[in-house]
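The values are calculated or read from the model by the stated rules, or taken from the named source; none is laboratory data. What you see is a predicted model, and the numbers here were worked out from it, not measured in a lab. Reconstructed Cβ throughout: ideal geometry from the backbone, glycine too, with neighbour counts over all protein chains shown.
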Amino acid sequence: MSFLNTNGLTVQKPGKINFYKVTVWLVLLLLLTDTVYSSWYGIHYHTREKCIIYRFLPSWLFMINEYLVELFLIVVAGSFAGTIVEKYFSKYRRFLPQNQLSAFLYASVIPVCSCSAIPLIETMKSRLPLRTIITFVMAAPLLNPYILFLSWSILGVWYTALRIAGSFLIAIITGWAVEIAYHKMRKPEIGIYKSCKPSTCSVTAGKDVYQKTWQLVGKIAPFILIAGILGLTFELLEPLKLIDNLSLHNNFLSLIVITAIGTAIYLCNGADILFLAPLLQYTDLGAGGAIAFSLSSTAVCASSIIMLSRFIGKRLTSILVLTTILIILIFSFTINLFS
């Protein structure tokens, strides 16, 4: 329980349990436990049957947990990270990336997925140019030290270099495309991307980072539900099996199909690399097709598209997605021409 002090700020009563704080740290503990457990036993998208939960739950219930519960926990963690950035870095602007290059480098060293990075838009919106924010959000799920190590150790230096180059092009070009479109739309106050003015930010005045976290999660809760249901639907349709049965010749049509399949799903933390390893070894999938699948399944998956629409609006999300897909197709086709 809380009360207002003489300055109008919300203050926690001594001796009372901070419900917001307890639940946020419980979420973080669950995610940390899951990460350690999965890493220790080598559990990922293709070895989920090794998970102890998978053994005791019906498959449909396990998938609901994977696409709804885990997605919700990830978004809570991302929202909490955003409020921490807002609280401790708002007075120290130099610690935030000031341009697209620094945003790309920042994002490339932090281990977060797109659903964790997207809530940071709310924190950065009043401090950074839109192109810098989009660059950060796009680069974060594409690269991190773990993904780079996995890429190099499993698929080699050539794939790793191509992935870095493709990620850079996507992050920089989509940032510019979205900002240009935003200005041509005469800077409408779309979604919750708008300047942080006293009139618009008063709802969070005096609240601690834990209360702000749940307030932000509450704003996007319906979109979390839609994104989870959409991801679950694609999982049940088993789109990855289409790749196994697809003639993977290095033509433009196959790249379109591979990109479409990649966009329909989401494979985070290098799961796409583990999926590609046997395909590159036993099928005619080329380097261009491999890059198209990696970039599309990581950067513009269905779940992140739904969440992005909440933060930057449907029109800018459409421009971002179309720009990303176009870059992926051109880049992967160019690779096939010269490989």
Requested in this report: Looking only at the stretch 3-19, decide whether some residue is at pLDDT 70 or above, assigned to a helix (DSSP H, G or I) and surrounded by 16 or more Cβ atoms within 10 Å (Cβ to Cβ).
Outcome: no
Query raised in the report: Would a scan of the stretch 81-100 turn up a residue that is at pLDDT 80 or above and hydrophobic (A, V, I, L, M, F, W, C)?
Result: no
Report task. Give the stretch 122-138 a look and list any residue that's under 14 Å from TRP176 (Cα atoms) and either touching a strand residue (DSSP E or B) at 6+ places or on another chain (Cβ under 6 Å) or of a type outside the set (Ser, Thr, Tyr) (or both), or say none. Result -> LEU128, PRO129, LEU130, ARG131, ILE133, ILE134, PHE136, VAL137, MET138
Query raised in the report: Given the structure, is ILE164 out of contact with any His (no Cβ under 8 Å at 6 or more places or on another chain) and either closer than 18 Å to SER309 by Cα or at pLDDT below 80 (or both)?
Result: no
Report summary line: When (1) out of contact with any Phe, Trp or Tyr (no Cβ under 8 Å at 6 or more places or on another chain); (2) at pLDDT below 80 are applied to LEU274, the one that fails is (1)
Report task. Return the residue satisfying two criteria in turn: it lies in the stretch 227-257 and is hydrophobic (A, V, I, L, M, F, W, C) and modelled with pLDDT of 70 or more, and of such residues it is surrounded by the most Cβ atoms within 10 Å (Cβ to Cβ). Result -> LEU255
**Report entry** the stretch 43-63, subset modelled with pLDDT of 80 or more and not in a helix (DSSP H, G or I), residue surrounded by the most Cβ atoms within 10 Å (Cβ to Cβ)
**Finding:** CYS51
Report summary line: Listed by range, helices (runs of 4 or more DSSP H) wholly within the stretch 115-158 having at least 3 residues that are at pLDDT 85 or above are 130-142
